[in-house]
Amino acid sequence: MPEPLLEVKNIQVEYRSKDRVVKAVRGVNLRINKREIIGIVGESGCGKSTLAMTFLKLVDIPGKITSGEIIYHGKTDIDVLKLKPSALRKYRWKEVSMIFQGSMNALNPVTRIEEQIMDTMIEHGYEQETAMKRVDELLRIAGLNPSLKRSFPHELSGGMKQRVNIAISLACEPSLVIADEATTALDVVVQRQIMARLLKLRDELGISLVFITHDISLVANIADRVYVMYAGKIVENGPVKEIFHNPKHPYTIALLNSIPSINRDKKIKGIPGTPPDLSKPINGCPFAPRCSKAFDKCHEIEPDLISIGQDHEVSCHLYG
Amino acid sequence: MDSIVELRNVTKIFTNTQGIIKRKKRTVYALHDVNLSIGEKEILGLIGESGSGKTTLGLAVLKLLDLEGGEILFRGKDILNMKKKETFRFREKTEMIFQDPYGSLNPVQSVYKIISTPYKVFNKNAKERDVIERVIDTLEMVGLNPPEQYLAKYPNQLSGGQRQRVGIARAIITNPEFLVADEPVSMLDVSLRADVLNILLELREKLGSSMLFISHDIAVTQYVSDRIAVMHLGQIVEIAESTELVNNPLHPYTQTLISSIPIPDPERRWDTSEPKVLAGEYVNEGKDECSFANKCPFVMDKCRRSRPKMIEKGNKHYVACYLYE
């Protein structure tokens, strides 16, 4: 029986401005097991990055987590959203860390990478000396030559900077690393190198990983379980083979039909229309206006996520 | 096959000065002795990592860059030595589709103004009524229906996919014979890419234009292209018919590239080993050597002594690598 590491219960996030409220995440339940690799996929604006930020309670004004609960099962169970600032600092990076989107620009340009990695550790209670020793090991784990530690970020290529960020994310030995579009801007060869590296880390260190991406092909290659997100909600989730070989939600099916793959002589088809405006109330299923299978009920009642098989859930009236 | 565009030994060099105290000139060969031809009605895909010179090549064939060497022929005419009038005609027959649908449309111009401008430039005496008709037809062709609804809109009222269609409409309104599409779908959401790619394929059927399709996404390139050319640090290392190139890559660089593409099927995952490319960052400094020699797992002495020539390995499959000589 897989042991849960992080449990997300009915999370809702809003972004508020003077004249409107955007409901970016509209009630998401999600579970990450120990040593598991999760993929969260969806189009831009579906709320996948915002959702990931809640795992670290990073949502800041004008964003607000309006309801829900996040339970982290470490040595003791932690209710993440109720943590006091000092406890939160201990939780972040020591338990859960993140590799940010566009993190090639997330490094300080005027500091050597060695210092940037050490700063992270010292901030979290490592001794100066231990931290210094650990830098070499971290760079090696991330697939970089430790002799590079005296470099400044501008002396490194995009792929190398991304590896520095991986090193920083692992600095305090977290149990869960969240990678938000971590390889989107990189070439395929570099992407494969970094992925191979991260998979190895799961095997060697036993960490869990969450990949947030719009690249469905990448998720097929690395994830154990997949969550498909649309308009701030999970519309389907299940083991990776179920999602790719037995997709149920019309959105998942359409998404899989819209991507070209090498040596697949199939005509690809786009999904008509655009995702709904999340600042306006949504009646019925948010995908109904773009769905070829929609019927009356779809425009009136929003479907709930229901179980349709081993660990496979879908929110669609076709199956309820 | 008749070619519409031909590049002969094209070389483009960029220089920049580095260092504040010790000033040092650095030369980068963005295009190093490139030979390439694009056929009538052909879509030629150009793939390679960032910095390999793909975009430079796209700009060069449209006469948007000066060259340090070689010549580029458009229907047999040297585009670099064209007179003003000839250049004007050349500009009418060639167009570009840009990568960024957000940055490449003027935000204060209406869709009508954006699309009609190139047409008016090349048809100075056109009546406004004819121009409107023409714009409407073009909008229909790129799938913006009903077209009348879009004429008065501004870019900020359109989605990314709609903007890219406006960009395509602007490029095809003059009925160009040759188009350069530089990463036309890389900034679009996955669900919108398919339609834009299908529009490009339809246009080739309807207008009979040829295209240079630049992309780093091999799956996308294979979907639209007849042939694919692979570029590495300013050199073309392999050219073949699309399916042949993907199924039977010969050059070690192409092999690494193809084996690194994720396939959307959990049953066909990468093997978990890291790809066998040697580490390091290099630029092409114009040496007479194979551009991949520094990273190639099969490198031999002669790879650094002189650059391998492009040879045919049957079935119109060309490769520049000593492993096959």
Qualifying position, being part of a loop (DSSP other than H, G, I, E, B) and either under 26 Å from residue A:261 (Cβ atoms) or among the aromatic types (Phe, Trp, Tyr) (or both), among B:285, B:281, B:267: B:267
Looking at the range A:176-188, is at least one residue within 10 Å of chain B (Cβ to nearest Cβ) and over 18 Å from the mean Cα position of the chain (by Cα)? yes
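Among the residues of the range A:19-56, how many are part of a loop (DSSP other than H, G, I, E, B) and under 14 Å from the mean Cα position of the chain (by Cα)? Working first, answer last.
Going through the range A:19-56, the residues part of a loop (DSSP other than H, G, I, E, B) turn out to be A:19-20, A:34-36, A:42-47, A:56.
Cutting the leftovers down to under 14 Å from the mean Cα position of the chain (by Cα) gives us A:36, A:42-47, A:56.
The number of residues fulfilling the criteria is 8.
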Given the criterion surrounded by fewer than 22 Cβ atoms within 10 Å (Cβ to Cβ), facing chain A (nearest Cβ under 9 Å) and more than 26 Å from residue A:216 (Cα to Cα), identify the matching residue among B:285, B:281. B:281
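Okay, residues lined up against (1) touching a helix residue (DSSP H, G or I) at 6+ places or on another chain (Cβ under 8 Å); (2) surrounded by fewer than 18 Cβ atoms within 10 Å (Cβ to Cβ); (3) away from every other protein chain (no Cβ under 14 Å); (4) without any contact (Cβ under 8 Å) to a residue 60 or more places away in the chain:
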{"site": "A:67", "(1), (2), (3), (4)": "no, yes, yes, yes"}
{"site": "A:75", "(1), (2), (3), (4)": "no, yes, yes, yes"}
{"site": "A:80", "(1), (2), (3), (4)": "yes, no, yes, yes"}
{"site": "A:116", "(1), (2), (3), (4)": "yes, no, yes, yes"}
{"site": "A:132", "(1), (2), (3), (4)": "yes, yes, yes, yes"}
{"site": "A:143", "(1), (2), (3), (4)": "yes, no, no, yes"}
{"site": "A:158", "(1), (2), (3), (4)": "yes, yes, no, yes"}
Given the options B:268, B:227, name the one that is among the charged types (D, E, K, R) and either within 7 Å of chain A (Cβ to nearest Cβ) or touching a strand residue (DSSP E or B) at 6+ places or on another chain (Cβ under 7 Å) (or both). B:227
Residue satisfying condition, being out of contact with any Gly (no Cβ under 9 Å at 6 or more places or on another chain), at pLDDT below 95 and within 14 Å of chain A (Cβ to nearest Cβ), within set B:19, B:70, B:45: B:19
Tally of residues being within 14 Å of another protein chain (Cβ to nearest Cβ), surrounded by 22 or more Cβ atoms within 10 Å (Cβ to Cβ) and of a type in the set (A, V, I, L, M) across the range B:169-187: 1
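How about the range A:212-309: which helices (runs of 4 or more DSSP H) wholly inside it have at least 1 residues that are among the basic types (Lys, Arg)? It would help to see each step written out before you state the result.
On the way: elements: A:216-222, A:240-245, A:250-257, A:296-300.
Where helices (runs of 4 or more DSSP H) fall fully within the range A:212-309 and carry at least 1 residues being among the basic types (Lys, Arg), they are A:240-245, A:296-300.
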Are there helices (runs of 4 or more DSSP H) fully within the range B:58-164 with at least 1 residues that are closer than 30 Å to residue B:190 by Cβ and in contact with a Phe, Trp or Tyr (Cβ under 9 Å, 6 or more places away or on another chain)? List them. B:111-122, B:128-141
Looking only at the range A:31-40, which residues are at pLDDT 95 or above and either touching a helix residue (DSSP H, G or I) at 6+ places or on another chain (Cβ under 8 Å) or within 22 Å of residue A:251 (Cα to Cα) (or both)? A:31, A:37, A:38, A:39, A:40
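Only one residue in A:295, A:287 is over 25 Å from residue A:12 (Cα atoms) and among the aromatic types (Phe, Trp, Tyr), so which one is that?
Numbers: A:287 fails: over 25 Å from residue A:12 (Cα atoms).
None of the other options fit; the residue is A:295.
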Filter the range A:263-281 for residues that are touching a Lys or Arg at 6+ places or on another chain (Cβ under 8 Å) and more than 11 Å from every other protein chain (Cβ to nearest Cβ); which is surrounded by the most Cβ atoms within 10 Å (Cβ to Cβ)? A:278
Does the range B:299-325 hold any residues that are out of contact with any Phe, Trp or Tyr (no Cβ under 9 Å at 6 or more places or on another chain), in a loop (DSSP other than H, G, I, E, B) and on the phi < 0 side of the Ramachandran plot, and which are they? B:306, B:307, B:309, B:317, B:320, B:325
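The values are calculated or read from the model by the stated rules, or taken from the named source; none is laboratory data. Just so we're clear, the structure is a prediction, and the values are computed from it rather than from any experiment. We place every Cβ from the backbone using ideal geometry, glycine too, and count neighbours over all the protein chains shown.
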